[in-house]
Amino acid sequence: MKWQGRSWGTLGDSITAANGYQPLVSAVLGFSAVRNYGRGGCPMAAGGPTDEGATVNIGRKIDPGLDCITIFAGTNDYRLDKPLGEQDAKDPDSLTFTGAYRTLIEHILSQNPACRLNLWTPLQRNKDGYGIDHPNGLGHRLDDYAEAVRRLGRSYALPVLDLYAESGLNRLTLPAFTEDGLHPNPQGHARIASMAISFLERL
């Protein structure tokens with residue numbers, strides 16, 4: 001059990017803040033400490049009224065000695081019309097999703113190069129008129145943000161848990177696994193945890 005007695009930090013939005021999947025994962029993998037840095041309603045990108053809780057800003061304040069760190073963000077960037085940004089921009093712009101994500105990855109790895117940093121794509125959703133087929137105000141679909149996460153994983157050689165493509169949560173099953181088409185219910189958190197357990201075990 002490679003994670004027995006180790007520490008795990010989880011960054012993200014309200015799905016992470018709910019603390020639903022973390023206890024299930026920890027019970028199986030044996031983490032001795034789980035620090036939940038989730039902030040409800042907040043995106044990855046900085047700026048605007050959610051700036052204080054933006055994942056990129058919260059991530060700069062996390063424990064620098066964590067053994068495992070998970071970043072699970074994107075659905076609020078899609079919903080709040082955060083620009084995707086340029087994958088290969090010389091200077092990452094924290095006001096964009098990709099720029100903020102790159103800024104956070106590079107900060108974490110510069111402070112804690114030995115940690116096992118891993119990225120999770122957003123889940124599919126169908127809430128408030130925002131589903132997988134609905135472009136946001138900038139013309140981006142949710143999968144564009146998920147694809148940005150996949151590309152970042154390849155660019156930085158970081159493992160990606162593709163919940164968007166592999167969780168089984170879709171427009172047909174969201175009523176069974178979520179409270180409102182977005183936020184997981186106990187069954188939804190159990191589904192996330194089941195995937196996370198096998199994913200983290202292989203890192």
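Divide by every residue of the chain the summed helix terms, -39500 (n - 2.57) for each DSSP H run of at least 4, and state the resulting mean residue ellipticity at 222 nm, rounded to the nearest 500 deg cm²/dmol.
Counting only the DSSP helices, I get -10000 deg cm²/dmol.
Return the Rg/Rh value of the chain, two decimal places, where both radii are evaluated on C-alpha atoms and Rh is the Kirkwood radius.
Details: Rg = 15.6 Å, Rh = 16.7 Å.
Here Rg/Rh amounts to 0.94.
Structure shown: which of K61/K90; K82/K127; K61/K127 lie over 28 Å apart, alpha-carbon to alpha-carbon? Can you show the working numbers first?
Details: K61/K90 24 Å; K82/K127 18 Å; K61/K127 31 Å.
Table pairs above 28 Å Cα-Cα are K61/K127.
First select every other residue whose beta carbon is under 10 angstrom from the beta carbon of G30; then total the charges, Lys and Arg +1, Asp and Glu -1. Spell out each step's value before the answer.
Numbers: positive: K2, R6; negative: none.
That sum, taken over residues with Cβ under 10 Å, equals +2.
Among 105-115, 90-100, how do they line up by average Cβ neighbours within 10 Å per residue, starting with the highest?
Numbers: 105-115: 14.8, 90-100: 19.9.
Per-residue Cβ counts within 10 Å, averaged per peptide and sorted highest first, yield 90-100, 105-115.
Per-residue HN-Hα couplings for the stretch 84-98, Karplus 6.51 cos²θ - 1.76 cosθ + 1.60 at θ = phi - 60°, whole Hz, x for Gly and Pro?
So the Karplus estimates, Gly and Pro as x, are 5, x, 9, 4, 10, 4, 4, 10, x, 9, 5, 7, 10, 4, 5 Hz.
In whole Å, how far is the Cα centre of the stretch 81-117 from that of the stretch 145-174?
Their Cα centres are 17 Å away from one another.
Just G38, G137, G85 to compare: in a GNM of the chain, with alpha carbon springs under 10 Å, which one fluctuates most?
Its mean-square fluctuation being the largest, the pick is G137.
Computed from the coordinates by the stated procedures, all read-outs in this text should not be read as laboratory data. Computed from a predicted model, the values in this text were never measured in an experiment. Note that each Cβ is placed from the backbone with ideal geometry, even for glycine, and that neighbours are counted across all protein chains shown.
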